[in-house]
Every structure is written in structure tokens, then in C-alpha cells.
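The values are calculated or read from the model by the stated rules, or taken from the named source; none is laboratory data. Every value quoted in this text rests on a predicted model; they were computed, and no experiment measured them. Every residue, glycine among them, receives a Cβ derived from its backbone with ideal geometry; neighbour counts consider all protein chains shown. Calculation scope for accessible area: heavy atoms of the full protein, side chains included, ligands and nucleic acids excluded. Shrake-Rupley method; radii C 1.70, N 1.55, O 1.52, S 1.80 Å.
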Amino acid sequence: MSQQKTISHIDNLPSTPGKFKPEKSPPYIHRLRVHSAISRLTLWSSLFLIFIICFFFFSPPSSSASPRRALGGDSWGGHNWEKKVSRSAQTRSGLTVLVTGAAGFVGTHVSIALKRRGDGVLGLDNFNDYYDPQLKRARRKLLDRAGVFVVEGDINDSELLRKLFDVVAFTHVMHLAAQAGVRYAMQNPGSYVHSNIAGFVSLLEACKSANPQPAIVWASSSSVYGLNSKIPFSEKDRTDQPASLYAATKKAGEEIAHTYNHIYGLSITGLRFFTVYGPWGRPDMAYFFFTKDILKRRAITIYEAPDHGTVARDFTYIDDIVKGCLGALDTAKKSTGSGGKKKRAAQLRIFNLGNTSPVPVSELVSILEKLLKVKAKKKVLPMPRNGDVKFTHANISLAHKEFGYRPTTNLDTGLKKFVSWYQDYYSGSKKRVARAFSNI
């Protein structure tokens, strides 16, 4: 009885030190404690040993060829998957290109153009739902027909990127994956940081560790010019006044590119796109949803600048943008690093890719009305503070000098091709939808 009382007294001691001092325990209490501790240690050691034995005997053998899970829940890896990756990346002309954002608007057109001329092309896309994923899936069918395999995965998945570079020795990376759109940044700002900054860093990390290092061409944006009032916009102009979070993330990308070029010897070329449009375009762009709303007899909103000023854009047709992308790839010099270490200075470039002919948005609507044969219901409002700018206008002299970039499609011609595609693709007629799939 006295033994139980003494042990109970010890268990009730306070957990933190204080002025209270317990009576000195008799020796047999210490022997009980030591015996109890040894018993617990033996028990846990036995359980741990049993766990290790079960792990080695009952776990399936690991294999580099077994499928893995990518960000977003899609599987990748395995022998058949690697065969598809390798087959898609086979080249007849020398370039082996990883195209990120391959199921996007520009990505699809660039991937098919590269494949048609004999380059090896592998696509990567996460098929997010920023706009209709079914349109991206339809673009994927176009890529499948062209022989381009698209890996479904995220550029933030470093393990997937390492695997791709292990399977294929890419000579070039065409980085087009990004969170696009100026206005959406006010709803979901985190997605821009995740894709345009963290995703870009993830890709550059994979590139700088690859052996050989690929040359990188990536999509910046004309949005970086922000509140710049000097026209036309030149690559030498200031870009430190972004008007939107989207523009800020693209500007950050340009600074990050400079850093990786300086430290690791990566050859990096940035392309500032100016309002790209055309067949298989993005539904969040004005020309696209204007077409949809005009056909449905719904009112469209046209913004005007302060003091009833004109809002204008340097609309650039997709085929011209593709020519610029291929020109940048073809003139990109090799990276100079190896194993993540820079050996000498590497190429670092930035180019405007625009049409050099800004068109008022009101004129865009007039052209659509003529092509659709429907009078638009217009609602004119002051431009809100949502990140949009009043005008864009590209100076393309540098791109012309470096790789002969010369846009040839005016807005009337380009919109005619877009409207033809749009009416076929959304017609509901199998024959016309099939025709839309041939319109690329």
C-alpha cells in the first residue's frame, strides 16, 4: 500500500520546475523506472524492426519505368510513356524542342509549325480551367494528328521536368506556359505568381541542371510597357511601371531570366507578344467574346479612354507570331553552362513581336459586324482601373534585324480567317467542325 502511495505521489509532480521539492525517492523506485524504460525501449525497437522487415518483403520493387503521379493527378512514366516521349521528340532537322503550354493558343500553332518542318517536338500542358478545357483538348487532337505528344503535367513539378530531360536531350525550350489575362489577376492573383514566377523558376532550374543545357525562348508580354507613354514601344524603353499584376509577373520573369543567364550561362530569349489573335484563339480575348456575343445578339462593352479617348491595340495575327517564334529559336545560340556551372557569357535577348499598326477597338468591332453580317449592340463605358492600358504599339526593328521578322497579315484578313474558323467550330455540324480542324 505504501509503495502505491509513493508512486502516485511522484506521478502528481508539476511538469515545470518550481519551489516545491519532492522527497528523495527510495532506491527501489529507481529500479522500477529503469526496468520500465528498458521494457518500453525493447517493445518499440521490436515494432520498428518488424515494420522494416515488412517494408522490404512486402513493398513492390521500385522501378524507374513505373508510372508516377504528376501535379494535377495525371500519371506519367513507364516504358510506354517514355516511348511516346522519345518518338515525339525525334528530329529530322536538328532541333529538339520542349514546348510548354503546348495546348494553348500560341503553343499549338508553334508546335505544329515546328513538327511540319521536321523538328522534334514534345509538348507539356496542365490543361487548367482558366478558359474552356474542351478547347484545349480539341487543340490536343490537332497536335496528335501532327505527331506531337503532349505530356499532361505542371511546370512546377520538378520531378516530372527532371524525368523529361533524362529521357530527351532537348536542344531548345519554347516556354509558353503561363497564366494569361490582365483582368483575371484581380480575381486570382496567386495563380499568376504560381505559373509566371514559380513555374518559370522551376523550368529554369531544370534547364540549368540539364546536360547539355538547352537554349530557351519564352513568352514575355507587351504588358510590361505598362504606363509607358512613348510610342511605338521599343525594347529600350522603361518597363518599371506595370499597370497590372500580370504585367508585373512578366517583368519579374525578364529579371529572373537575366539572373539565370548571368549565373548559369543559360541562353535566353524573351518575346514580348502584342495582342495575338486568330483561329483556335483564347475565349477571354475581346475579338473572341465580341464574336460570340454579337452572334447571340447580346450587348458588348466597348471601353474608352479618359476624355472620350480611343483605346487601340497592335493586333498581331497568329501566323506572324509563329514566324517570330521560329526565327527566335533558329537564331538562339547555345547555352554555355554545364552541370549547373557557367563557363562563359551566354546570349540574352528580348524582342517585340507585334504588327506595328495599332487599330482602335471600335474599328475591330466594325470589321466583325461586316464579317458576321450582324449589327452589334454596343455599350460604351469609361475604361475601368483593372490593369488595361489605353494603347499598344510595337517597334519591331530589332526583331526584323536579328531574324527577319516581318508581319504580313492585316486585321481585316486575320479576322476573316478567325470568323471562318469560329463559325465552323461552333456550328454543331460534323462536317463544318471537321473543316475547323483542318484550319491551321
The correct ranking of Ile396, Ile231, Ile216 by accessible area at 1.4 Å, largest first, is Ile231, Ile396, Ile216
Lys and Arg at +1, Asp and Glu at -1: neighbours of Ser397 with Cβ under 15 Å from its Cβ sum to +2
Length gained, Val380-Phe289, 0.36 nm per residue minus C-alpha separation, equals 31.2 nm
Within the under-14-Å Cβ sphere about Pro384, not counting Pro384, Lys/Arg +1 and Asp/Glu -1 give a net charge of +2
FRET efficiency for Arg117 and Lys230 from the Cβ-Cβ distance with R0 = 45 Å, rounded to 0.05, comes out at 0.75
To the nearest 0.05, the calculated FRET efficiency linking Ala198 and Gln241 through their beta-carbon distance, R0 being 35 Å, is 0.90
Over all pairs of different Cα atoms in segment 235-368, the reciprocal of the mean inverse distance gives a Kirkwood radius in Å of 17.6 Å
Note, segment 301-310: 3J(HN,Hα) by Karplus (6.51, -1.76, 1.60, θ = phi - 60°), whole Hz, Gly/Pro = x, goes 9, 10, 8, 10, 6, x, 6, 6, x, 8
Here the gain from full extension of Lys431 to Asn211, 0.36 nm per residue of separation minus their alpha-carbon distance, amounts to 74.5 nm
Expressed in angstrom and rounded, the centroid-to-centroid distance over alpha carbons for segment 307-331 and segment 116-191 is 21 Å
So for R0 = 60 Å, FRET eff. of Ala345-Glu369 from the Cβ-Cβ r, to 0.05, ends up at 0.70
With 0.36 nm assigned to each residue of separation and the Cα-Cα distance removed, Gln187 to Lys416 gains 79.2 nm
Hits in segment 369-391: amide N under 19 Å from the 7 Å Cα→Cβ extension of Arg297, namely 369-379
XL table Lys390/Lys416; Lys390/Lys417; Lys208/Lys250; Lys115/Lys208; Lys236/Lys390; Lys136/Lys430; Cα-Cα > 23 Å flagged, in table order, is Lys390/Lys416; Lys390/Lys417; Lys115/Lys208
